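The values are calculated or read from the model by the stated rules, or taken from the named source; none is laboratory data. Owing to the predicted nature of the structure, the values given are computational and were not obtained by experimental measurement. Cβ coordinates were reconstructed from backbone atoms using ideal geometry, including for glycine residues, and neighbour counts include every protein chain displayed.
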Ligand SMILES: [Cu+2]
């Protein structure tokens with residue numbers, strides 16, 4: 001079969017490009033640990049607050065020792081229940097350097113869970129538990145916002161992480 005010279009160049013160029021993209025994809029997974037968040041479990045939206053063994057019955061932060069924390073947060077129209085409130089804002093308060101695993105479940109519709117300046121950007125789909133682990137190295141206040149349109153009060157749906165400086 002005859003292939004024109006220029007066509008051959010383009011085939012080679014396109015193949016190299018595909019190979020480069022594929023290599024970048026593999027590298028991002030293996031070297032940088034980039035991956036799509038998986039559902040961490042299933043939960044009936046109607047039972048979120050009764051589901052004691054999943055930790056959502058009492059939302060809040062649990063100290064797992066060694067500066068590791070486990071946070072259970074319930075998302076609903078149009079607020080987050082983090083088990084703590086500071087100045088009217090639902091809050092998660094952790095010390096500097098804390099490694100926090102967020103477990104978020106929705107009681108109603110799909111919500112978002114995004115923490116500014118940190119690698120947490122997850123969808124909270126009713127029926128599943130969304131999980132993300134992040135380290136808070138710098139003291140400060142970081143907003144958590146819902147970035148999935150969830151109705152009339154969506155723009156007011158927020159919370160915060162307060163990272164307290166270590167002494
Ligand atoms: Cu929303």
Problem - Filter result (within 14 Å of the ligand (Cβ to nearest atom) and surrounded by fewer than 22 Cβ atoms within 10 Å (Cβ to Cβ)) within region 98-108 - result: 107, 108
Problem - Scope region 4-46; condition touching a helix residue (DSSP H, G or I) at 6+ places or on another chain (Cβ under 9 Å), surrounded by 10 or more Cβ atoms within 10 Å (Cβ to Cβ) and without any contact (Cβ under 8 Å) to a residue 40 or more places away in the chain; matching residues - result: 34
Fill in the blank from the handout: So, first residue over 19 Å from residue 126 (Cα atoms) and in contact (Cβ under 8 Å) with a residue 40 or more places away in the chain in region 140-156, second residue part of a loop (DSSP other than H, G, I, E, B) and near the ligand (Cβ under 8 Å from one of its atoms), Cβ within less than 6 Å, six or more apart or across chains; the pairs are 156/78
Practice task
For region 56-71, indicate whether the set of residues that are part of a strand (DSSP E or B), in the same structural domain as residue 127 (by TED's automatic domain parsing), closer than 16 Å to residue 111 by Cβ and in contact with a strand residue (DSSP E or B) (Cβ under 6 Å, 6 or more places away or on another chain) is non-empty.
Solution key: yes
Problem - residue 129 vs. criteria at pLDDT 95 or above and surrounded by 16 or more Cβ atoms within 10 Å (Cβ to Cβ) - result: no
Problem - Among the candidates 115, 122, 162, residue that is in contact (Cβ under 8 Å) with a residue 24 or more places away in the chain, within 17 Å of the chain's Cα centre (by Cα) and within 14 Å of the ligand (Cβ to nearest atom) - result: 122
Practice task
Could you grab me the full set of residues in region 64-97 that are over 20 Å from residue 144 (Cβ atoms) and loosely packed, with under 15 Cβ neighbours inside 10 Å?
Solution key: 64, 65, 66
